[in-house]
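Worksheet for the structure shown next.
The values are calculated or read from the model by the stated rules, or taken from the named source; none is laboratory data. Nothing here was measured: the structure is a model prediction, and the numbers come from that model. Backbone-built Cβ (ideal geometry, glycine too); neighbour counts: all protein chains shown. Only protein heavy atoms, including side chains, enter the accessible area calculation; ligands, DNA and RNA are left aside. Shrake-Rupley method; radii C 1.70, N 1.55, O 1.52, S 1.80 Å.
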Amino acid sequence: EHTAGSLPVSYLRLILFAFLLLFYAIFIQKGIISGNAIFEMSDVNLLFVSPVNPRATLLYGVIRLVKTSFWAGFFLLFQSGTLANFGIGFGGVLLLFCAFMLQMVVLTLLSILIYSVTNGNPARKQLVRVLAVAVFIPLLAFFAVRFFIQGDIFLALKDAAESPILAVTPIVGWTSAGAISLIQGHFLAGLGWLGLLVLSGAGMILYIMLS
């Protein structure tokens with residue numbers, strides 16, 4: 001649901017991008033340092049010694065992630081008053097909540113994947129840090145150029161928010177672009193961006209299962 005609001009939705013897209021970026025940074029760091037285990041000790045004691053298919057065990061862990069993500073993003077459901085300033089109704093709040101949950105699951109899988117390939121290897125850890133930052137260089141360069149041309153930081157930020165470069169930024173950009181596109185009624189584009197997020201998560205699960 002999208003109603004008339006006093007603030008451009010592009011600003012909400014930028015705010016959402018910055019909010020999701022915070023979690024992106026946290027989970028990347030967790031993956032480099034210690035990973036982000038999806039199982040509790042009781043799960044390890046019961047599941048890992050039982051004749052349960054490893055794929056089923058992993059699926060159980062992913063389902064637990066959905067529960068964890070639900071509580072992590074529950075506060076979004078109480079932001080209807082604030083989001084109304086952008087013309088976002090409660091239906092839009094639910095879309096933001098679901099997109100946040102989806103990204104949390106993907107980031108947790110990414111954290112596990114990073115830990116599995118970098119544990120005990122400082123060179124790989126440094127490479128992950130470089131790549132994690134490098135994906136944002138095109139967007140930062142675009143913002144810098146627009147700021148140089150416009151001479152106004154807010155106009156440059158608005159241009160960056162509306163730029164397709166933000167949308168193609170892995171994970172964070174996909175999530176923010178997908179959620180806002182759905183809110184604006186651009187269903188094909190919204191499902192496409194969130195579909196990239198789902199495919200990336202599925203690829204990570206496949207790699208973890210194979211390894």
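Key figures
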{"read-out": "³J(HN,Hα) computed for each position of region 171-187 - Karplus, 6.51 cos²θ - 1.76 cosθ + 1.60, integer Hz, glycine/proline x", "value": "6, 5, x, 4, 5, 5, 5, x, 5, 5, 4, 5, 4, 7, x, 8, 5"}
{"read-out": "With DNA, RNA and ligands ignored, accessible area of Ile137 (1.4 Å probe; Å², nearest 10)", "value": "100"}
{"read-out": "Chain lengthening between Val145 and Ser116 when straightened (0.36 nm per residue, less Cα-Cα)", "value": "6.6 nm"}
{"read-out": "FRET efficiency for Ala123 and Ile33, using Cβ-Cβ distance with R0 set to 25 Å, rounded to 0.05", "value": "0.95"}
{"read-out": "5 angstrom amide H check on Ile88, placed H, neighbours 5+ away", "value": "Thr3"}
{"read-out": "List Arg146, Arg124, Arg129, ordered by accessible area with a 1.4 Å probe, largest first", "value": "Arg124, Arg129, Arg146"}
{"read-out": "Solvent-accessible surface (1.4 angstrom probe) belonging to Phe187, in square angstrom, nearest 10", "value": "130"}
{"read-out": "Cα-based shape type of region 80-200, given that a ≥ b ≥ c are square roots of the gyration tensor eigenvalues and the cut on a/c is 1.5", "value": "oblate"}
